[in-house]
Amino acid sequence: MGLIDANLVPAVDGVAFGLLLFVAAAGLTLAFGTGDVLNLAHGTLYTVGGYSAAALCDGTWRGLLLALVAGTAAAAVGGALLAALTAPLRRRGHLAQALLTFGLALIGGDLLSSAAGGGDLPVAFPAALNGSVLLAGHRFPVHRLALIAVAAALAGAGQLVLTRTRAGALVRATVDDPQMVSCLGTDPRRVHAGVLVAGGALAGLAGVLGAPVIGPGPGSADTVLLLSLVVVVLGGLGSVGGALVAAVAVGEVQTLGVVLAPGLAPYLLFAAMAGALVLRSRTPGRRA
Amino acid sequence: MRAQLLTGLALTALALFAVPAVLADGTLAMLAPAAALGLPAVGVSVLTGRAGLPTLGQGAPFAVGAYATALLARAGLTTGPAQLVAAALAGALFALATGPVVVRARGATALMITLALGELVATAAGRWTSVTGGTDGLAGIPPVQLWWGGSPLTDDTALYRYLVVVTALALGVTVLVLGSPLGLLLAGSRDHEERMRAAGHRVGGHLLAAYIGAGALAGLGGALLVTEQSYVSPADVGFGTSSLVLLAAVLGGIGSPLGALAGTVLVVVVRDQLAAHWPGHGPLLLGALFVAAVYLLPDGITSIRLRRP
Amino acid sequence: MSLTLSEVTCRYGQLTAVDRVDLMVRDGERHAVIGPNGAGKSTLLALIAGTVRPSTGRVLLDGRNLGATGPARRARAGIARTFQQPAVAASLTALDNVALAAWPRADLRGFWRPSRYRALRAGALDWLDRVGAADLADRPAGQLSHGQRRLVELAAALAGRPRLLLLDEPAAGLTDTESARLIAVLAGLPAEVAVVLVEHDLAFVGALAGRITVLHEGRVLAHGTPAAVGADPQVRSVYLGSREL
């Protein structure tokens, strides 16, 4: 009981971090599932949101709202750009696509940091979000609680879209069997492009929301990309539900893990990622 | 085959004597990073181009070789050949240990497994402070000696020639191996794995051998990095390095070791020289190079025609 | 080499591709497996070659259970095969394709040495000549036509000097000349080599096979000599009903 009590704050922090990662990584896992594309520019889409926040947030709610809209829209455009540029490379395999997205990530990162100035930028959220509240004898930062609420709402809405709408059904079907979708009269490539745009928008949104957690800066695109890849792999490529569980687990490792086992936590993520890939490559039907 | 080796010898001689005569010492030092990254890129051309296993994690054996060399040198082992053997062995052992995991995977899964391994090693380099010096890295590494009891190589031209000779030797061995029937085995496994299995070939074993060879080459590159900059830090060995050497191998027309080396020179020149004229925009230029490589050199990426031995 | 399948079943999820099949192929026997599309013929070959493992039942080679032995080890034990889609290494020449296939079961060792490998290639050229594809030797296999690839793949399978040869629709996509050539080559195989042949072309089957097994929906419908199978009323109804073959 004492252990739980003492670590409640980092644990809640971990949930917030995890949900943020989930919103950021959901698009990546669906892009992988629908198009089998390793999108190395995904972290850059997140930073598009972060830089929008840095530019537009002025401590008012109106500024935050403006940043949310602008960041989401800009990252969606980025996703559309990615869809347009990777489409001609379909037949060329994973290597060409990975290299292209990596090149675009470098270009995008450079343009963003030269437009906004190098170094980690401060983001001014409304004062109400910067405080903390006393709950059950602990002080929790308001931003993290708000992040949990918003990200959970987004995850729920996303789940509804995936399960209850025609577009969502098409996405799920494309993950399972692209050929069947094309038999139904929809080009799986269009589904994939749609996923890249929507996933980009989500990543941009996460970039604004999560600016106080992983803010805009030269290293943040790589951080988000690598953490998202871990989430995508641990959650099972293309699985949204799996990504949610994996994201929260990764969030806990990054917060609670660092408190409980500071020597081990940094290795845990990539070891788990490699382990998950190994286990999955042994499943039947994929003989090595 | 023979023509290839002769061309290689001629190029080596050119690099050894003509280039230092034309370029000033300062410029030579700027070419040096190409020597360190060149051998890992050659390894990628073997592993990805010839054996068909894509990798985003050659920074890992590169790191293992570099840190092994740095630690040995600080412990007093400054003889070049001994350092090189140790670094190549370290890289090969790393590949042997991680190989069984990697050679099971194909395509995007292989990219991600190697990426995860690379990040694990980079994390270790940054965190295992007692051995690696953490994010500060290992500095104060004494200069290398050509042979036991020789004088330390301190002047730029001598150092440059050392890098050229080591790179040329490693490249020569690689070309010889790929030109032998072993190279055909790897190409066959890349082209049609099931066919090779159905004939009785141990495809996993061939891939493991290629992965170990690429690891040894990356380890050698790590040794050259330490020799050249007398310093190593986690910034030298991360994801960025892995993707750079992959790009270099692709630029050179993947599957061609000499091309991979040329690709590395191009990448390093763009990153260090062009960026010097346009400060702060190295990543932009590199990114443009990535995009150009994918769109303008499709043959470099997909279709490889092999010479018969 | 004798091959025995005992009560072999192979399921993919809900689908039972091969259902409690017994099969016996003796030393030197030329055995054809026929049946309509989806009868489980290719799965049966995959079960023998080791690329698919049975859900239940056993595959025995010379009385020894092959169990989980992989395709490469089975090949080294003397099982060679061709694929329904002719399988070649596209960037290598036809000759190198055959030489690489001969490598694992050749008597000499050390083919990584160029001089030894040249000897291997000399033997490979001989096999290409026997299937009538010697003129293709130096062409990259990726540039060959479908029928030409089939011949190269057959030469590759034969070059491994198999004791059991599995052929998956070897005559499909061949011209009449190529097909006749193929029959001559297979008829000229050493008498002790056993052949299991999956084929649609009944004339081709009749020219080669001493025994026939008819598969239908994963099960053995009939087996015996070509004459006995041809006279079987059940077989006739399946074939006349589906107008297959």
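What the table shows:
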{"quantity": "Members of the stretch B:29-49 found to be open to solvent by 10 Å² or more (accessible area, probe 1.4 Å) and within 14 Å of chain A (Cβ to nearest Cβ), listed by number", "calculated": "B:Thr48"}
{"quantity": "Any hit, the stretch C:184-201, residues being in a strand (DSSP E or B), surrounded by fewer than 16 Cβ atoms within 10 Å (Cβ to Cβ) and not β-branched (Val, Ile, Thr)", "calculated": "no"}
{"quantity": "Contacts under 8 angstrom Cβ, first residue in the stretch C:11-35 being free of Cβ contacts under 8 Å to residues at least 40 places away in the same chain, partner in a strand (DSSP E or B), 6 or more apart", "calculated": "C:Met24/C:Leu3; C:Met24/C:Thr4; C:Met24/C:Leu5"}
{"quantity": "B:Gly91 part of a helix (DSSP H, G or I), modelled with pLDDT of 90 or more, at the interface with chain A (Cβ under 9 Å from one of its Cβ atoms) and buried (at least 24 other Cβ atoms within 10 Å of the Cβ)", "calculated": "no"}
{"quantity": "Flag for A:Leu64 being in contact (Cβ under 8 Å) with a residue 24 or more places away in the chain and more than 24 Å from A:Arg190 (Cβ to Cβ)", "calculated": "yes"}
{"quantity": "The stretch B:204-220, residues that are within 14 Å of another protein chain (Cβ to nearest Cβ) and crowded, with 24+ Cβ neighbours inside 10 Å", "calculated": "B:Leu207, B:Ala210, B:Tyr211, B:Gly213"}
{"quantity": "Cβ pairs under 7 Å, 6+ apart, first in the stretch A:90-109 and more than 7 Å from chain B (Cβ to nearest Cβ) and over 19 Å from B:Gly253 (Cα atoms), second surrounded by fewer than 23 Cβ atoms within 10 Å (Cβ to Cβ) and of a type in the set (Val, Ile, Thr)", "calculated": "none"}
{"quantity": "Subset of the stretch B:60-78 (residues that are open to solvent by less than 10 Å² (accessible area, probe 1.4 Å) and either among the small types (Gly, Ala, Ser) or not in a helix (DSSP H, G or I) (or both))", "calculated": "B:Ala60, B:Ala63, B:Gly65, B:Ala66, B:Ala70, B:Ala73"}
{"quantity": "Selected residue (only one of B:Ala235, B:Ala275, B:Ala260 is farther than 14 Å from B:Pro33 by Cβ and not aromatic (Phe, Trp, Tyr))", "calculated": "B:Ala260"}
{"quantity": "Residue in the stretch B:222-238 that is within 14 Å of chain A (Cβ to nearest Cβ), touching a helix residue (DSSP H, G or I) at 6+ places or on another chain (Cβ under 8 Å), assigned to a helix (DSSP H, G or I) and modelled with pLDDT of 90 or more present", "calculated": "yes"}
{"quantity": "Meets criteria (closer than 30 Å to B:Arg202 by Cβ and more than 9 Å from chain A (Cβ to nearest Cβ)) for B:Ala105", "calculated": "no"}
{"quantity": "Lone qualifier among B:Gly57, B:Gly133 - being within 12 Å of chain A (Cβ to nearest Cβ), farther than 30 Å from B:Pro20 by Cβ, open to solvent by less than 30 Å² (accessible area, probe 1.4 Å) and not aliphatic (A, V, I, L, M)", "calculated": "B:Gly57"}
{"quantity": "Test set (1) touching an Asp or Glu at 6+ places or on another chain (Cβ under 6 Å); (2) not in a loop (DSSP other than H, G, I, E, B) - C:Ala171 fails condition number", "calculated": "(2)"}
{"quantity": "Matching entry among A:Leu202, A:Leu147, A:Leu160 (being under 17 Å from the mean Cα position of the chain (by Cα) and open to solvent by 50 Å² or more (accessible area, probe 1.4 Å))", "calculated": "A:Leu202"}
{"quantity": "Single match in B:Gly200, B:Gly253 (criterion: in contact (Cβ under 8 Å) with a residue 12 or more places away in the chain, at positive phi, within 14 Å of chain C (Cβ to nearest Cβ) and surrounded by fewer than 24 Cβ atoms within 10 Å (Cβ to Cβ))", "calculated": "B:Gly253"}
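The values are calculated or read from the model by the stated rules, or taken from the named source; none is laboratory data. Because the structure is predicted, anything quoted here is derived from the model rather than measured. Every residue, glycine among them, receives a Cβ derived from its backbone with ideal geometry; neighbour counts consider all protein chains shown. Quick note on the areas: whole protein, heavy atoms, side chains included, nothing else; ligands and nucleic acids left out. Shrake-Rupley method; radii C 1.70, N 1.55, O 1.52, S 1.80 Å.
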